[in-house]
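Engineer: Quick one: this structure, given as structure tokens, is what I'll be asking you about.
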Amino acid sequence: PTARERERPRRGQPKDCARGMDYFKSRSLALPVQPMDVCALGNHAAVSLIDGRVALASIGELEEKPTIHLWQPHPEGTSCRTATFLDGETLVSGDARGQLRFSDLERSASGGSASGRPQGALFGGGSESESESESESEGEGGSAPSDEDDEGPGKGLGGDGATCIARVDDAGRTFAVGFDDGRVEVYDRRAPARTPTSIFAEQTDFVSGLEVANSGRELLASSGDGTLALFDLRKRSLAARSEDDADDEMLCVRSMKGGKKVVCGHQSGVLSIFSWGYWNDCSDRFPGHPGSVDAMAKVDEDTLLTGSSDGLIRIVSVLPNKAIGIVGEHLADNPIERLCLEPENRRVALSVSHDNVVKLWHVGELLEDDDDEDEGGEKVSGSDDGEGEGEGAPPARKKHKKGKRKKGGFKTQQQAQRSAFFSDL
């Protein structure tokens, strides 16, 4: 049987688990063009579009039809590849030319995109001529606050497109950007110059994913050259890098198990698991996806959502490695390009494929199931070592009694003398 046939529900399982059915409740956000990336924070989701626009939608209530606001932070005809919330008011986005732009959410959403001109403050990337021409067209309702309207010099930065953005600190003051040529740049919004504070060029192919570790002190980067790199942001240097594996592109990365493990998705459909501190090669591999693992979203320290090229979103357990179930799918055989989980409430997952929709999945019951299992585990764990005894005989008491016994010995000297006296009779 094929992989899809094996994932069909058996007798006694709900029919919603079958392919073509959405097991988890979902809702679609219809968009005018193809989405490239999606991010969420609180009750809002931002979607970067292929025509350079950004869509902002409310995702607080899945029952209601959300309102979508569009604005144009990047030049028309240049795809907006990635976007990330820095805080509740500011969004940073990157395009195919490598330009980064800030957008004030309230002012950008109210300004609209009827003019089709770029709106937002330029921050790095691009050429000087492009920056000057675009800055003249700004000043509409969608522009960022005036203190960020100064354009960056745009020198010393490559023209390769941005591939992914990650917020480094919780306050959103610093963020990291990955590019097509394998370069990683770190920016600080407080710096007077619109240039990166750190540049890493250790990988030779596109940066496919970024993951912040150790409270913003370190940064993980997966690359199309098949390597995983660890950067020390304080020392501004490369801390470690895995061996090259050019035959199997590394497409996404997530930190798991309280930072002790790092999981990477590959083009071959394998999940490679690295142990923290041992970066030369992975310590475990978990095959099973019929297509490439293009995206991952972290549910908790033990559970991932994976998006594959076969169009399915799966629930995967990490150590023990096993496939738990299926969340749903987009149109048949459309690959899942991006996947994220709203970080505050962690009740809504968002996915992007090649259709002109973003799907919202209500996955809150995953966390509810985890809570139930934890409560049940506390009750069962006390009787696992009972060796067939009832629940009323705790194993700790048995071990304690055995530990007091001394083989062939006596507790006091008086008892030893008494034993010697009776032995002569």
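The values are calculated or read from the model by the stated rules, or taken from the named source; none is laboratory data. What you are looking at is a predicted structure, and each value in this text was computed from that prediction instead of being measured. Cβ atoms come from the backbone with ideal geometry, glycine included; neighbour counts cover every protein chain shown. For accessibility, only protein heavy atoms count, side chains too; no ligands or nucleic acids. Shrake-Rupley method; radii C 1.70, N 1.55, O 1.52, S 1.80 Å.
Engineer: Accessible area per residue, 1.4 Å probe, Å², for region 236-302: what's the number?
Structural biologist: 45
Engineer: OK, next. Restricting the calculation to Cα positions, tell me the Rg (one decimal) and the Dmax (whole number) of region 167-299 in Å.
Structural biologist: Just the Cα atoms of region 167-299 yield Rg and Dmax of 14.4, 49 Å.
Engineer: With charges only on Cβ, +1 for K and R and -1 for D and E, what is the dipole size of region 266-335 about its Cα centre, in debye, rounded to 20? Let's see the in-between values first.
Structural biologist: On the way: 4 positive and 9 negative charges, 17 e Å.
Approximately 80 debye in magnitude.
Engineer: Pop out the ³J(HN,Hα) list for region 288-297 in order, Karplus 6.51 cos²θ - 1.76 cosθ + 1.60 with θ = phi - 60°, rounded to Hz; leave Gly and Pro as x.
Structural biologist: My calculation for region 288-297 gives x, 6, x, x, 5, 8, 8, 8, 9, 9 Hz in order.
Engineer: Here's something else I'd like to know. Of the listed peptides 270-279, 230-239, what is their order by residue-averaged count of other C-beta atoms within 10 Å, with the highest listed first?
Structural biologist: Values: 270-279: 18.1, 230-239: 16.0.
Per-residue Cβ counts within 10 Å, averaged per peptide and sorted highest first, yield 270-279, 230-239.
Engineer: Same structure, new question: Explain nothing, just compute: Karplus ³J(HN,Hα) = 6.51 cos²θ - 1.76 cosθ + 1.60, θ = phi - 60°, for every residue of region 39-51 in order, whole Hz, x for Gly and Pro.
Structural biologist: Karplus-based 3J(HN,Hα) across region 39-51 equals 9, 9, 7, x, 9, 10, 10, 10, 10, 8, 10, 6, 9 Hz.
Engineer: Starting from the amide H of K25, placed 1.01 Å from N in the peptide plane, find each other amide H under 5 Å away whose residue is 5 or more places distant or on another chain.
Structural biologist: H362
Engineer: Would you mind counting up the charge near S268? Only other residues with Cβ under 11 Å from its Cβ, with Lys and Arg at +1 and Asp and Glu at -1. Mind dumping the intermediate values first?
Structural biologist: Values: positive: R285; negative: D245, D247, D248, E249.
Net charge around S268: -3.
Engineer: Also, I was wondering about something else. Rg(Cα) of region 178-255 divided by 2.2 N^0.38 Å? Please report the intermediate quantities before stating the final value.
Structural biologist: On the way: Rg = 12.4 Å, N = 78, 2.2 N^0.38 = 11.5 Å.
Ratio of Rg to 2.2 N^0.38 Å for region 178-255: 1.07.
Engineer: Now, a different point. In region 307-360, carbon and sulfur make up what percent of the accessible area (probe 1.4 Å)?
Structural biologist: Details: 970 of 1890 Å².
Reported share for carbon and sulfur atoms: 51 percent.
Engineer: Explain nothing, just compute: Karplus ³J(HN,Hα) = 6.51 cos²θ - 1.76 cosθ + 1.60, θ = phi - 60°, for every residue of region 356-368 in order, whole Hz, x for Gly and Pro.
Structural biologist: With coefficients 6.51, -1.76 and 1.60, one gets 8, 9, 10, 9, 9, 10, 8, 10, x, 5, 4, 6, 5 Hz.
Engineer: Moving on to the next point. List every residue whose amide H lies under 5 Å from the amide H of F179, counting only residues 5 or more places away in sequence or on a different chain, with H placed 1.01 Å from N in the peptide plane.
Structural biologist: Those qualifying (amide H under 5 Å, at least 5 residues apart or on another chain) are T163, V207.
Engineer: Highest mean first, what order results for 329-341, 187-199 on Cβ atoms within 10 Å? List each step's numbers first, then the result.
Structural biologist: Working: 329-341: 19.4, 187-199: 15.6.
Highest-to-lowest ranking by the protection proxy: 329-341, 187-199.
Engineer: Short version: what are the Cα gyration tensor semi-axes of region 280-338, square root of 5 times each eigenvalue, largest first, in whole Å?
Structural biologist: Working: eigenvalues 81, 34, 20 Å².
Each semi-axis is the square root of five times an eigenvalue, giving 20, 13, 10 Å.
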